[in-house]
Amino acid sequence: MGQLIILRHGETEWSRARRHTGRTDLPLTGRGERQARSLAAPMAARRVVRVVCSPAERARRTAALAGLRVDEADPDLWEWDYGGYEGVTSEAIREGRPGWLLWDDGVVPGDAEHPGEPVERVGERVDAVLARVRPYLAEGDVALVAHGHVLRVLTARWLGLEPAAGRLFALDTGTLSTLGTEHDRPVITSWNLPPG
């Protein structure tokens with residue numbers, strides 16, 4: 001059985017500033033492009049049979065710079081919809097909501113483009129992704145190129161945990177992680193490895 005290769009897109013201006021970046025589609029910074037190019041060598045050493053990517057330009061550009069040909073742009077891999085917190089830092093949110101944590105307190109509704117969603121909905125989306133890619137793992141590795149929070153929720157669901165358990169898996173920009181099995185049980189085989 002192959003492994004799920006988890007690639008978080010390279011740095012953007014908002015990720016560098018720690019602003020919640022859900023559906024706003026921003027380009028990679030120069031550093032983000034270098035991070036993505038650094039993923040090419042470890043990816044070339046793998047037998048990847050399928051590449052599934054978020055439709056966001058930052059994820060597609062990361063895949064291209066990492067030397068991957070995207071087989072499918074899957075809207076279920078879009079980042080968590082942060083609603084009214086789109087573009088806002090956690091620190092700024094806590095000024096009005098002391099002690100706020102995304103994983104515990106969720107988001108507030110935003111505009112029509114950013115209505116917001118609960119973590120359970122993100123969990124449903126990634127469950128659908130996992131169901132679609134699982135059959136390909138019989139043939140080799142499957143690469144998923146997406147965003148920090150959605151990939152953290154996906155990891156929790158791979159392990160059979162509730163979606164909010166994604167809080168346990170910090171994930172930096174431009175990193176590679178792998179999910180697999182041991183004794184037929186889902187495990188993390190590597191996590192948050194820097195490029196290069």
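What follows is calculated from the coordinates using simple rules that are stated; it is not laboratory data. If you're wondering where the values come from, they're calculated on a predicted model, not measured in any experiment. Every residue, glycine as well, gets a Cβ built from its backbone with ideal geometry; the counts of neighbours run over all protein chains shown.
Quick check on region 141-196: what are the equivalent-ellipsoid semi-axes from the Cα gyration tensor, as sqrt(5λ), descending, whole Å?
Details: eigenvalues 60, 43, 17 Å².
One finds semi-axes of 17, 15, 9 Å for region 141-196.
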Open item on the list: Defining a contact as two alpha carbons under 8 Å apart and six or more residues distant in sequence, what relative contact order in percent does region 26-135 show?
Closed with: 22
Task: HN-Hα J in Hz across region 166-174 - Karplus 6.51, -1.76, 1.60, θ = phi - 60°, x for Gly and Pro - done: x, 4, 7, 10, 4, 9, 7, 5, x
Task: Exposure rule at most 13 other beta-carbon atoms within 10 Å, DSSP loop GluC sites (Glu not before Pro): the chain longest free segment - done: 1-112
TODO: Provide the percentage of antiparallel DSSP beta bridges, counting only those with both residues in region 53-196; round to the nearest 5.
DONE: 75
Open item on the list: Let me check against my output: what whole-number percent is the relative contact order of the chain, with C-alpha pairs under 8 Å and at least 6 apart?
Closed with: 31
TODO: In nm, give the distance between the simple-model label positions of A138 and A17, each being 7 Å from the Cα along the Cα-to-Cβ direction.
DONE: 4.8
- [ ] Quick one: Debye curve from the alpha-carbon atoms of region 26-118 only, equal weights, vacuum; give me log10 I(q)/I(0) at q = 0.10, 0.18, 0.21, 0.26 Å⁻¹ to two decimals.
- [x] -0.39, -0.90, -1.01, -1.21
Task: 14 Å reach of a label modelled at W100, 7 Å along Cα-to-Cβ, counting backbone N of region 106-136 - done: 106-111, 116-117
Task: Long-range amide H partners of E117 with built H, under 5 Å - done: D81, G83
TODO: Helix by helix through the chain, keep the DSSP H runs that span 20 Å or more along the axis on Cα and average at least -0.5 on Kyte-Doolittle, and give those back in order.
DONE: 119-133
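Rounded to the nearest 500, what is the 222 nm mean residue ellipticity of the chain from helices alone, with -39500 (n - 2.57) per DSSP H run of 4+ residues and division by all residues?
One gets -9000 deg cm²/dmol as the mean residue ellipticity at 222 nm.
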Task: Quarter of the Cα convex hull surface for the chain, i.e. its orientation-mean projected area (nm²) - done: 10.1
TODO: Report ³J(HN,Hα) in whole Hz for each residue of region 102-118, in order, from the Karplus equation J = 6.51 cos²θ - 1.76 cosθ + 1.60 where θ = phi - 60°; Gly and Pro get x.
DONE: 3, 5, 9, 9, x, 10, 9, x, x, 8, 4, 7, 9, x, x, 8, x
Task: Per DSSP, loop trypsin sites (Lys or Arg not before Pro) in region 89-196 with at most 12 further Cβ within 10 Å - done: none
